[in-house]
């Protein structure tokens, strides 16, 4: 079973069988009917985009940019090649939804991309798949073969005259290749480093041609939108936050996994679906949108709804929908140390503030965690993050800074205790008990 | 577009960046990765500025100007961002400027004064970066100093045409390095040293020999290739310590080749000749100048009166100054001899006297970027003319179609439109095929003599490219000038240019290839080849080393050894001169004399000495002038090199007059190839002239490895030799034993054996028949 739980699901409907990912199964579930209808009716391109606009589908990769609007940026009269690219380089700590879409429902992505290609006049697409989920790359290739054999991709789709070819491309696991322009560089065979924008991919993307890049889940949602109509999709969620979304719940819950819920569902409901807190402990904090989203303390989180605006009101970002739940046994310094290490390790090294700043942040947090903190360290950390934020080529600099800022903002006393007492506010045996890796208390 | 920068209004063209606009209004924005000649990387983030209505500071180098934009380069927001970046740049950078070779000329050091803190908040361990050995020219001993601006990487990719340096790894562990175990071998690599804003890439020969503030900067002109690159020569205690490019957008832009940068080591080498020498009882002995000049003038007079003036000959290097060449020919004509030449590597002189004027490039260097199509005939382009090749590389990258027709398949690192590689003997036929293709495409009568030629698809593609677009050019390279049928190639190129409407030009062999014609250092009797083929009694050699510089060194050395008198005016006293010279007169190289070079576009560039002459060496023009006086010849009363120059070209000339590439009355006669093995001789870049030959660092590069006998697999098989075995090469009476090397870029039936090297000096003609057998 792909998805552990769902409320009014779309993407995860009918994925129970072990052949759910096969073309036959997908077609039985109504798959490729949206593409067929678009092609057979020769639906005007603008109409397809309008439908997506009406659905208020917002990018599921993290930034939450309205998909329809993004599609409308593509120069429709551009004479040369245009591309649609799917970003399946899911690498943010806490996020594991796209891999399940590719594992159980790959044809929804293929259909979504074909419709997108039609709407934007792009004859070629690439799906860039994270290098550490190799079996999904292989599975996607198989799905492509099926779709190609059935005439859903390739030349002259279903006799409509429209051609769309789709290719899978795998990376090697670099987090930065999930940044859309670094992803393009990587497809081009170059080192995965973000490009300076402007120009944006819509005018200068893959191989210098107009390109639209969307997340796997975004593309997977397109067939459902086309089938049910944009308005119905929007109504599944709440205003300005259309549809359902997959949330990857991890951390101190009883049933970590993917859950599909309509946007706007209260966090408390999601937590309940995930089996509640492990060992009945108290929620301490939650990172609601992947590791780069600011951390939210328990009280605020329990009142938040899971949608772009709701999480934003709670002081964080919905991001990719990776919900990291932390209970009262968590040492926030240690948690931040781990996050900072990730961003330090995954900085591409291209631009100065991120290359130098992320290593500095990690070194200082690492020092504090290991009893070497100094009195000025928290101010130093805050100052370094302000020097990184907004000064880098891509958003990784901001992504590395936000956890640091929010952890210090909400748990400053815990950091101060660490610096002053050279040890953690949460006793080590409590931490170990909560980790789940140690059965006996020390 | 109108933009306001710090309150100053600027009008800039569409597509400009804030950095462009700031430079226009004279506002300085600190930067490291930005360079006017390289692509925009926007990675150092030092140029962050405040833009009205933008929530974040924006990088000036990459942000396009929009109409009405208001920019503040020194507002609180901008300076805070710049200082923040500077702090990040310094946290891992060693703060030991006093022991850094870049200290005093370091952009990071300079900007740290304005934007750095007085103490560091970074209390952690600094990054350690392992050093790299990338060859004898660039030192990468202190890579911890690197700030990852990637200027060197972009230079390689974009200007040199080959990515020899790249940034490996990610995050703080990013480091600039070569591909595992490789060295940096580009002939333009030294420019990366200039581009490096910190002390990461430094000049290996110069390293730790002087501080930048101890050096005086003096202007000079490169004496090497025909571009005439503008140089800044840096001097300490009367010694040339370093050579750097001097910006001249129309000539060398802001680059120089490694040959120009590192040849200065020869100026201070022990091989320099400090005192005049005369052969007495078989050995060369040091004498005073007056003794030496007296000896020479008497000896010359004796030979003229006993054997006639025709028994004298003079040969000069095309790297001599205009003034030297002029006085030399004047001396010879004064003595009554017309045996004077400055083209030692030439074989075919049949166009002499039939030229419309002085052969030259046909257009200005700055016009190359506007060409639509170019055909280069007979050139080892990249090694013969690094900066000219660089201009063609940029052209090809833009939209120009660059084709190459030559006897070498070496990678030009240019995105070529078409390439034809044929044996030297087939070169005129191949060019004729392009001419015929052009005539056919234009529906014009095919020139006589080309009837039997059948143009191949590539020649047709070349001809077609030359017929497209506004401006096109056909350039003849060094190998075309040195070719035994050079005049035929010239005639064909002129015909091709006429048919296609292209410009015909010569890239030019050396610094003064145009100047020698202006100085009239040309034969009225025996030319550079004939003066050795018909041995003379006495020779005067000006800056030339015949065993390395002549078309047929075997023949030249034999003639010199048999001569009664060989007078050499040379800066160097080593080498084969010890065997055949009777008098060695120490003249000064370009850094110690004033003079002029006329580059291939006809631009006359005069320069003055930057250091005092070494030992008793004297400027060549002065030596020749005094010799003229001692021989009681008329017209030798100039008191300065400027006076000499003004006799040749009117004062104040920038571009000389009389340039014309037309040729008339040379009948077209194409020869069909004989089946024997032919030699292809390149002149390796660092053996090409006396200075480069003695520059120790250049001699350690991969371009300076000893010559091998390169053949393709079929030729090797025909000769029953294999890659790596020694082979004996024979031309005339001379032979050389070299290692055979398989090289598929060599045309069939040819063996490529470099000229200009001691190991091949015993061989004969550069492009003649050669015998190869297993040694």
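Within segment A:373-385, residues that are exposed (fewer than 12 other Cβ atoms within 10 Å of the Cβ) sit with their Cβ atoms under 9 Å from residues that are in a helix (DSSP H, G or I), at 6+ positions apart or across chains, in these pairs: A:375/A:419; A:375/A:420.
Working only within segment A:186-211, note down all residues that are closer than 19 Å to residue A:62 by Cβ, away from chain B (no Cβ under 11 Å) and not in a strand (DSSP E or B). Of everything in segment A:186-211, those that are closer than 19 Å to residue A:62 by Cβ, away from chain B (no Cβ under 11 Å) and not in a strand (DSSP E or B) turn out to be A:186, A:200, A:201, A:202, A:205. Does residue A:286 satisfy being at pLDDT 95 or above and outside the structural domain of residue A:248 (by the TED database)? No. Of all residues in segment B:71-99, those that are in contact with a helix residue (DSSP H, G or I) (Cβ under 7 Å, 6 or more places away or on another chain) and either within 22 Å of residue B:52 (Cβ to Cβ) or part of a loop (DSSP other than H, G, I, E, B) (or both) total 10.
Checking A:39, A:23, A:15, A:7 one by one, the residue that is surrounded by 16 or more Cβ atoms within 10 Å (Cβ to Cβ) and either more than 12 Å from residue A:108 (Cβ to Cβ) or not assigned by the TED database to the domain that holds residue A:110 (or both) is A:39 and no other. Only residues that are part of a loop (DSSP other than H, G, I, E, B), more than 8 Å from chain A (Cβ to nearest Cβ) and surrounded by fewer than 22 Cβ atoms within 10 Å (Cβ to Cβ) were counted in segment B:32-56, giving 8.
Just so you know, in segment B:57-69 the residues that are in a strand (DSSP E or B) and more than 9 Å from chain A (Cβ to nearest Cβ) include one that is farthest from residue B:81 (Cα to Cα), and it is B:69. For segment B:74-93, filtering for residues that are facing another protein chain (nearest Cβ under 9 Å), touching a strand residue (DSSP E or B) at 6+ places or on another chain (Cβ under 6 Å) and surrounded by fewer than 23 Cβ atoms within 10 Å (Cβ to Cβ) leaves 0. Given the criteria at pLDDT below 95, over 30 Å from residue B:571 (Cα atoms) and out of contact with any strand residue (DSSP E or B) (no Cβ under 6 Å at 6 or more places or on another chain), does residue B:369 qualify? Considered against the rule, which asks whether it is at pLDDT below 95, over 30 Å from residue B:571 (Cα atoms) and out of contact with any strand residue (DSSP E or B) (no Cβ under 6 Å at 6 or more places or on another chain), residue B:369 comes out as no.
Just to be sure before I move on: is residue A:345 at the interface with chain B (Cβ under 10 Å from one of its Cβ atoms) and either at pLDDT 95 or above or over 30 Å from residue B:169 (Cβ atoms) (or both) in the structure I sent? Yes; evaluated as a whole, the condition is true for this residue. When segment B:174-196 is filtered for residues that are crowded, with 19+ Cβ neighbours inside 10 Å, over 23 Å from the mean Cα position of the chain (by Cα) and away from every other protein chain (no Cβ under 14 Å), only B:178 remains. If the condition is being on the phi < 0 side of the Ramachandran plot and in a loop (DSSP other than H, G, I, E, B), then segment B:347-356 contributes B:347, B:348, B:349, B:350, B:351, B:352, B:354, B:356. Comparison of A:384, A:404, A:364 shows that the only residue that is within 21 Å of residue A:94 (Cβ to Cβ) and either assigned to a helix (DSSP H, G or I) or outside the structural domain of residue A:93 (by the TED database) (or both) is A:404. Answer yes if at least one residue in segment B:693-708 is in contact (Cβ under 8 Å) with a residue 24 or more places away in the chain and within 30 Å of residue B:453 (Cβ to Cβ), and no otherwise. So far as segment B:693-708 goes, no, none of its residues is in contact (Cβ under 8 Å) with a residue 24 or more places away in the chain and within 30 Å of residue B:453 (Cβ to Cβ).
Only a single criterion out of (1) surrounded by fewer than 20 Cβ atoms within 10 Å (Cβ to Cβ); (2) without any contact (Cβ under 8 Å) to a residue 60 or more places away in the chain; (3) not in a helix (DSSP H, G or I) is not satisfied by residue B:448, namely (2). Based on this model, can you work out whether residue B:239 counts as surrounded by fewer than 20 Cβ atoms within 10 Å (Cβ to Cβ), under 18 Å from residue B:691 (Cβ atoms) and more than 14 Å from every other protein chain (Cβ to nearest Cβ)? In short, yes.
For (1) exposed (fewer than 15 other Cβ atoms within 10 Å of the Cβ); (2) at pLDDT below 95, each residue gets a yes or a no:
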| site | (1), (2) |
| --- | --- |
| B:675 | yes, yes |
| B:691 | no, no |
| B:696 | yes, no |
| B:701 | no, no |
| B:713 | yes, no |
| B:740 | no, no |
| B:753 | no, no |
| B:764 | no, yes |
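Among all residues of segment A:312-328, there is at least one that is free of Cβ contacts under 8 Å to residues at least 24 places away in the same chain and either within 25 Å of the chain's Cα centre (by Cα) or assigned to a helix (DSSP H, G or I) (or both).
Here B:625, B:645 are screened, and the one residue that is closer than 30 Å to residue B:348 by Cα, modelled with pLDDT of 95 or more and part of a helix (DSSP H, G or I) is B:645. Residues that are part of a loop (DSSP other than H, G, I, E, B) and within 14 Å of another protein chain (Cβ to nearest Cβ) within segment B:154-168 comprise just one, B:163.
Among the conditions (1) part of a loop (DSSP other than H, G, I, E, B); (2) surrounded by fewer than 18 Cβ atoms within 10 Å (Cβ to Cβ), the only one that residue B:135 does not satisfy is (2). In the condition set (1) touching a helix residue (DSSP H, G or I) at 6+ places or on another chain (Cβ under 8 Å); (2) within 13 Å of chain A (Cβ to nearest Cβ); (3) modelled with pLDDT of 95 or more, residue B:171 is compliant with all but (3).
The numbered conditions (1) farther than 23 Å from residue A:393 by Cβ; (2) within 14 Å of another protein chain (Cβ to nearest Cβ) are all true for residue B:115 except (1). Does residue B:463 qualify as being over 29 Å from residue B:227 (Cα atoms) and part of a helix (DSSP H, G or I)? For residue B:463, the condition - over 29 Å from residue B:227 (Cα atoms) and part of a helix (DSSP H, G or I) - is not met.
This table checks each residue for (1) more than 24 Å from residue B:339 (Cα to Cα); (2) in contact with a strand residue (DSSP E or B) (Cβ under 8 Å, 6 or more places away or on another chain); (3) in a loop (DSSP other than H, G, I, E, B); (4) not assigned by the TED database to the domain that holds residue B:302.
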| residue | (1), (2), (3), (4) |
| --- | --- |
| B:489 | yes, yes, no, yes |
| B:494 | yes, yes, no, yes |
| B:497 | yes, yes, no, yes |
| B:517 | no, yes, no, no |
| B:520 | no, no, yes, no |
| B:527 | no, yes, yes, no |
| B:531 | no, yes, no, no |
| B:536 | no, yes, yes, no |
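If the condition is being more than 21 Å from residue B:704 (Cβ to Cβ), assigned to a strand (DSSP E or B) and in contact with a strand residue (DSSP E or B) (Cβ under 6 Å, 6 or more places away or on another chain), then segment B:736-773 contributes B:750, B:771, B:772, B:773. Return a yes/no flag: does segment A:406-421 have any residue that is within 14 Å of chain B (Cβ to nearest Cβ) and buried (at least 23 other Cβ atoms within 10 Å of the Cβ). Looking for residues that are within 14 Å of chain B (Cβ to nearest Cβ) and buried (at least 23 other Cβ atoms within 10 Å of the Cβ), one finds none in segment A:406-421, hence no.
The values are calculated or read from the model by the stated rules, or taken from the named source; none is laboratory data. If you're wondering where the values come from, they're calculated on a predicted model, not measured in any experiment. Note that we place each Cβ from the backbone using ideal geometry, even for glycine, and neighbour counts take in every protein chain shown.
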